[in-house]
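Throughout, read-outs are computed from the coordinates displayed, never taken from laboratory work. Here the structure is a predicted model, which is why all the values come from computation and not from measurement. Here the Cβ is made from the backbone with ideal geometry for all residues, glycine too, and neighbour counts use every protein chain on show.
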Amino acid sequence: MALVEISDVHKSFGALEVLKGVSLDIEKGEIVTIIGKSGSGKSTLLRCINALETINQGEIRFEGQPVSTTMPNLRTMRQKVGIVFQAFNLFAHMTIERNITLAPVLTGKVAKSEARPLALDVLERVGLADKIDAYPEQLSGGQQQRAAIARCLAMAPHLMLFDEVTSALDPELVGEVLRVMEEMARQGMTMVLVTHEMNFARNVATKLIFMHQGRVWEQGNPGELFDNPQTPELKSFIGAAA
Amino acid sequence: MPDLNFRPIWRYQDQLVEGVLTTLLLTAVATIAGLVIGIAGAVLIRSGPKPVRWLLRIYIEIIRNTPVLVQIFIIYFVLPSFGLKMTPIQAACVALSIYFGAYAIEIIRSGLDSIPKSQIEAGMCLGITRMQVLRHVILPPALRNIYPSVTSQFVLLLLGTSIASQVSADELFHVAGFIDSRTYRSFEVYTLICLIYFGLVISFKLAFAALGRLAFRWPVRR
Ligand SMILES: Nc1ncnc2c1ncn2[C@@H]1O[C@H](COP(=O)(O)OP(=O)(O)OP(=O)(O)O)[C@@H](O)[C@H]1O
Ligand SMILES: [Mg+2]
């Protein structure tokens with residue numbers, strides 16, 4: 001059984017069908033990158049995986065359980081699926097420590113007394129231990145994004161979703177975030193990322209998905225797809241990105 | 001300018017203190033009741049059933065577009081003919097709560113609306129409950145955003161309690177009229193009353209400012 005099984009998922013916003021029958025399996029330990037033009041449904045697909053969107057047809061299973069906004073263990077599922085957004089979405093009124101420990105404490109994952117050590121531990125993994133008492137607004141974009149990743153790590157997720165997490169960053173800050181993600185990949189985290197970082201997609205990912213007009217247009221080994229695209233759409237997309 | 005003589009007024013010290021206390025009581029009751037109405041109303045008007053949202057809309061529009069004086073008269077003079085009789089203070093409390101509540105709904109709603117959907121989603125994605133998201137993610141920044149409006153609305157309410165004098169509730173302004181009618185020292189009486197209101201408002205404003213600095217310490221982007 002794959003960690004995530006997506007079968008024939010359709011999703012519409014009003015009359016606009018954004019996902020037109022997406023099927024995709026994500027195995028434990030895989031690093032899946034999703035690329036594609038703006039509006040091809042990449043974010044929507046990601047958001048369906050942790051039930052931020054209701055799907056109209058088809059099925060998504062996480063660890064064997066059908067995922068939906070009305071599923072019985074919605075919160076348990078979300079505790080196991082971390083998601084990082086382009087805009088960081090840290091809570092500005094909480095210190096980095098509190099951002100990280102809020103959910104673990106509220107869900108009873110750790111005792112209050114264990115919260116700070118946990119925050120320190122995950123912050124060390126993203127190289128931000130010295131910022132534990134800072135507020136998000138006191139950090140650079142790259143630091144905020146690493147803190148957002150640390151917030152997910154504190155829940156010990158089984159799956160991490162990343163939606164263009166470096167797109168809002170100044171170019172010189174992109175590297176520090178990508179390095180953290182590479183390190184997570186090395187340690188065996190299952191990851192799905194929507195990204196414009198073609199080097200990451202080629203060198204770190206184990207699987208590449210090219211989405212086009214709400215469908216998985218091509219998928220496979222990143223190197224092969226980049227070197228030998230089968231469809232004119234992927235060919236021109238790679239050409240435009242290069 | 002007449003000769004100033006505050007001495008005759010001092011004999012009414014006790015009444016003045018009573019008046020201040022009643023003013024504060026009216027303000028406190030209306031603030032608490034109004035905030036309860038405001039929070040419940042704001043949540044309902046955002047996500048309640050349609051008929052409830054409609055009723056709330058009508059309530060808000062009526063209260064905000066008619067004089068408080070008329071509202072208080074209706075409650076004190078008209079409701080008794082429907083069998084609802086109240087003392088002046090009770091009537092003033094009810095009227096001012098209803099009045100403050102209408103404004104509080106709008107203010108609190110704007111506070112909840114000021115929190116981006118992405119923040120709420122980020123909270124939900126952590127696998128915590130809706131109530132926990134409301135309490136920990138939405139409310140603190142929402143309160144900070146509306147804090148200036150809430151405090152200035154509170155000041156308007158405090159000053160507005162003087163309207164209760166019109167149904168003979170013994171608040172500060174009513175006491176002033178009483179003392180004036182006994183001493184004929186209008187100038188001194190109303191100067192003093194003015195200073196008392198002023199002192200009350202300034203004290204509250206200073207207290208709220210200090211409280212705000214204490215409660216809202218996180219840096220914000222400008
Ligand atoms: N909440 C929504 N309501 C209506 N339409 C939406 C909504 N969310 C997305 N869409 C539409 O769905 C389509 C796909 O959006 P999506 O965000 O999934 O694209 P994307 O591939 O992530 O694009 P980008 O690279 O620009 O982020 C777009 O046409 C978008 O306008
Ligand atoms: Mg997107």
Per residue of A:148-157, other chain Cβ atoms within 10 Å number on average 1
Report, in cubic angstrom per residue, the convex hull volume of the C-alpha atoms of the range A:49-185.
119
Mean separation of Cα contacts under 8 Å (6+ apart) over length of the range A:81-232, as relative contact order %
24
Which whole-percent values make up P(r) of chain A when all C-alpha to C-alpha distances are grouped in 5 Å steps starting at zero?
1, 6, 14, 17, 19, 17, 13, 8, 4, 1, 0, 0
Between B:Phe204 and B:Met86, what is the spin-label point distance in nm, taking each point 7 Å from the Cα along the Cα→C-beta axis?
1.9
Once normalised by the length of the range B:11-215, the mean sequence separation of its alpha carbon contacts under 8 Å that are 6 or more apart gives a contact order in percent of 29
Could you state the principal axis extents of the C-alpha atoms in the range B:11-215, from the largest down, to the nearest angstrom?
68, 44, 23
With r as the distance between the Cβ atoms of A:Thr76 and A:Gln213 and R0 = 25 Å, compute the FRET efficiency 1/(1 + (r/R0)^6) and round to 0.05.
0.15
Near the amide H of A:Val110, under 5 Å away, which other amide H atoms are found, from residues 5 or more places off or on another chain, if H is placed in the peptide plane?
A:Val105
Principal-axis tilt of helix A:112-125 within chain A, Cα atoms, nearest 10 degrees
50
Over 15 Å [Cα-Cα, the range B:144-222], rounded percent:
66
Å³ per residue enclosed by the Cα convex hull of the protein assembly as shown
208
Karplus-derived 3J(HN,Hα), 6.51/-1.76/1.60, for each residue of the range B:110-124, Hz, glycine and proline x:
5, x, 5, 5, 6, 8, x, 4, 5, 5, 5, 4, 4, x, 4
Cross-link reach from A:Lys20 to lysines, straight Cα distance under 20 Å and at least 8 residues apart if same chain, gives A:Lys11, A:Lys37, A:Lys42
Applied in sequence order to the range B:199-212, the curve 6.51 cos²θ - 1.76 cosθ + 1.60 (Karplus, θ = phi - 60°) yields integer Hz couplings, x standing for Gly and Pro, of x, 4, 4, 4, 4, 4, 4, 4, 5, 5, 4, 5, 4, x
Tabulate in residue order the Karplus-calculated ³J(HN,Hα) for the range A:208-221, using 6.51 cos²θ - 1.76 cosθ + 1.60 with θ = phi - 60°, rounded to whole Hz; enter x for Gly and Pro.
10, 10, 9, 9, 8, 6, x, 10, 6, 7, 8, 8, x, 5
Order of B:183-196, A:195-208 by packing, highest average Cβ count within 10 Å first?
A:195-208, B:183-196
A:Arg47, B:Arg109, B:Arg53, B:Arg11 arranged by Cβ crowding within 10 Å, fewest neighbours leading
B:Arg11, B:Arg53, A:Arg47, B:Arg109
Measuring from centroid to centroid over Cα atoms, what is the spacing of the range A:23-40 and the range A:199-237 in Å?
10
Expected-Rg normalisation [2.2 N^0.38 Å, Cα atoms] applied to the range B:1-113
1.39
Could you work out the relative contact order of the range B:143-222, using alpha carbon pairs under 8 angstrom and six or more residues apart, expressed as a whole percent?
29
At 222 nm, what value in deg cm²/dmol follows for chain B if DSSP H runs of at least 4 each add -39500 (n - 2.57) and the sum is divided by all its residues, to the nearest 500?
-24000 deg cm²/dmol
